[in-house]
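Chemist: Have a look at the structure that comes next, please.
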Amino acid sequence: MRIAVIPGDGIGIDVTAEAMKVVRAAGDVFGRRFDLEMLPWSADHYLQTGVTLPPDGYATLREFDAVYVGALGDPRVPDNRHARDILLGTRFELDLYVNYRPVRLLDERLCPLKGRSASDVDFVVFRENTEGLYVGIGGRFKAGTEDEVAVQEELNTYKGVHRIVRHAFEFAKANGRATVCMADKSNAMTDGHALWQRVFRELAPLYPEIEAEHLYIDALALLMVQDPSQFDVIVTNNLFGDIITDLGAALQGGLGLAASGNLHPGRTSMFEPVHGSAPPLAGKNVANPMGAILSAALMLEYLGSKGEAAAIEAAVGRAVATFHGTKDIGGTLGTRETGDYVAGAIEKAKR
């Protein structure tokens, strides 16, 4: 399997090294070879060459089975154009319409909610990834003056909404999830989100074994904090999904544990941890690599290497439970040592 690896900026380089260490370890244990090709696209590359990614960059990525990205963002590039072209550009150009964010608590001591167990925080968020407010439709008039006008438009299409809502139902059906909750703001955004209402009503009857529920996004956010155990699968638009998945990450112990996939089922897809690049922490051996490692597990599962993915997830769970992790999750290890422990746990479990 050919995997394009873009370590990116800041701690992205640190955590990606550990994620790929774990991938190689899993491959060795299961007798599978992963061809990991490192691509230099980053702030450093942009500052040295003036190129965010080459003209054939997206075509190049399509030749791989999957794409793995560490983290992007650097204050030396104030407008972060390299991050926009590499990350958002890949999402749009490869039509990665599914943002897949599992929210799973690995140890109850990591949850900020009192009295919550791992079984209470175990749901999945599907965020529409190619439409909404992030398509860049809009502009500014008289910018920088007291008369400035700023317009940002949200785009919703029947095709885009239909395929993400259908994906949520199909996932629930395939994985024994009982409910699908669609969240919008149709009481205030009466045009764009009326389309979400229409599509949800059309698709829900096709899955009679799954309970279909609708919530306004503000109510959803409240209920995620009050009682996350009621959720199985959540589906929502680009902006709302961006926000509530960070809330979900907090429930599972922080962004350092959060994994994600950007998918077009059946095509080359992209996987990434969702934390930032944190340039001041780069190279200091303090960043939590667990989200990066779990993102690699999602990637292997998507590629059909389910045994390897399960082994990685089990090893991460063991590491968290035994305090073999970084300081933010109660451990005493550095980034590299955490990666070493997870890789070693996979090898020991197979013996």
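Just so you know, all these numbers are worked out from the coordinates, no wet-lab data involved. Being a predicted model, the structure only gives us computed values, none of them experimental. Here the Cβ positions follow ideal geometry from the backbone for every residue, glycine too, while neighbour counts run over all protein chains shown.
Chemist: Which one, 327, 284, 114, has the greatest fluctuation when you compute a Gaussian network model over the chain with C-alpha springs under 10 angstrom?
Modeler: The residue that fluctuates most here is 114.
Chemist: For segment 238-244, just list the computed ³J(HN,Hα) in residue order, Karplus coefficients 6.51, -1.76 and 1.60, θ = phi - 60°, integers in Hz, with x standing in for Gly and Pro.
Modeler: Those phi angles translate into 5, 5, 4, x, 4, 6, 6 Hz.
Chemist: In nm, give the distance between the simple-model label positions of residue 226 and residue 336, each being 7 Å from the Cα along the Cα-to-Cβ direction.
Modeler: Spacing of the two 7 Å Cα→Cβ label points: 4.9 nm.
Chemist: Separate question: Amide H neighbours of residue 269 under 5 Å, counting only residues 5+ apart in sequence or on other chains, H built in-plane at 1.01 Å?
Modeler: So residue 269 has HN proximity to 67.
Chemist: In sequence order, what are the phi-derived ³J(HN,Hα) couplings for segment 193-202 according to the Karplus relation 6.51 cos²θ - 1.76 cosθ + 1.60 with θ = phi - 60°, rounded to whole Hz, with x for glycine and proline?
Modeler: Result, rounded to whole Hz: 8, 4, 5, 4, 4, 4, 5, 4, 5, 5.
Chemist: Between residue 285 and residue 48, what is the label-point separation in nm under the 7 Å Cα-to-beta-carbon projection?
Modeler: Between residue 48 and residue 285, the label points sit 2.5 nm apart.
Chemist: So what is the calculated 222 nm ellipticity per residue for the chain, using -39500 (n - 2.57) for each DSSP H run with n of 4 or more, over all residues, to the nearest 500 deg cm²/dmol?
Modeler: Rounded to the nearest 500, it is -12000 deg cm²/dmol.
Chemist: Need one number: convex hull volume per residue for segment 3-51, Cα atoms only, in Å³.
Modeler: Convex hull volume per residue, Cα atoms: 53 Å³.
Chemist: Whole-Hz ³J(HN,Hα) for each residue in segment 279-285, computed from phi via Karplus 6.51 cos²θ - 1.76 cosθ + 1.60 with θ = phi - 60°, x for glycine and proline: what do you get?
Modeler: For segment 279-285, the Karplus-derived couplings read x, x, 9, 4, x, 9, 6 Hz, x marking Gly and Pro.
Chemist: Provide, in order from the shortest bin, the percent of all Cα-Cα pairs of segment 212-351 in each 10 Å bin, continuing until the bin that contains the maximum pair distance.
Modeler: 11, 35, 35, 17, 2
Chemist: Something else about it: Picking from 167, 25, 241, whose Cα lies most toward the positive end of the charge dipole for the chain (charges on Cβ: Lys, Arg +1; Asp, Glu -1)?
Modeler: Going by the Cα projections, it comes out as 25.
Chemist: Please state the relative contact order of segment 128-187 as a whole percent: Cα pairs under 8 Å, 6+ residues apart?
Modeler: Details: 49 pairs, mean separation 16.5, N = 60.
Taking the mean separation of contacting Cα pairs over the length of segment 128-187, I get 27 percent.
Chemist: Calculate the tail of P(r) for the chain: the fraction of all Cα-Cα distances greater than 39 Å, expressed in %. Present the calculation step by step, with values, prior to reporting the outcome.
Modeler: On the way: 8139 of 61425 pairs.
Roughly 13 percent, once rounded to a whole number.
Chemist: Give the separation of the Cα centroids, segment 25-73 to segment 222-263, in Å.
Modeler: 27 Å
Chemist: Only four residue types carry charge here, +1 at the Cβ of Lys and Arg and -1 at the Cβ of Asp and Glu. Report the dipole size of the chain about the Cα centre in Debye, rounded to the nearest 20.
Modeler: It works out to roughly 860 debye.
Chemist: Compare 43, 174, 250 in a GNM of the chain, Cα atoms joined below 10 Å, and give the one with the largest fluctuation.
Modeler: Answer for the Gaussian network model of the chain: 174.
Chemist: Multiply the residue separation of residue 219 and residue 190 by 0.36 nm, subtract the distance between their alpha-carbon atoms, and state the gained length in nm to one decimal.
Modeler: Result for the pair: 8.7 nm of gain on full extension.
Chemist: Now for a separate question. Please compute the contact order of the chain in relative form: average sequence separation of alpha-carbon pairs under 8 Å and at least six residues apart, divided by the residue count, as a percent.
Modeler: Result for the chain is 24 percent.
Chemist: Taking H placed 1.01 Å from N in the peptide plane, check which residues at least 5 places from residue 260 or on another chain put their amide H under 5 Å from its amide H.
Modeler: Sorted by chain and number, the residues that satisfy this are 272, 295.
Chemist: Once you keep just the Cα pairs under 8 angstrom separated by 6 or more residues, what percentage relative contact order results for segment 1-149? Present the calculation step by step, with values, prior to reporting the outcome.
Modeler: Numbers: 192 pairs, mean separation 34.0, N = 149.
Relative contact order comes out at 23 percent.
Chemist: Can you tell which of 5, 133, 196 lies farthest toward the positive end of the dipole of the chain, using +1 and -1 charges on the Cβ of basic and acidic side chains (Lys, Arg; Asp, Glu)?
Modeler: Selected residue: 5.
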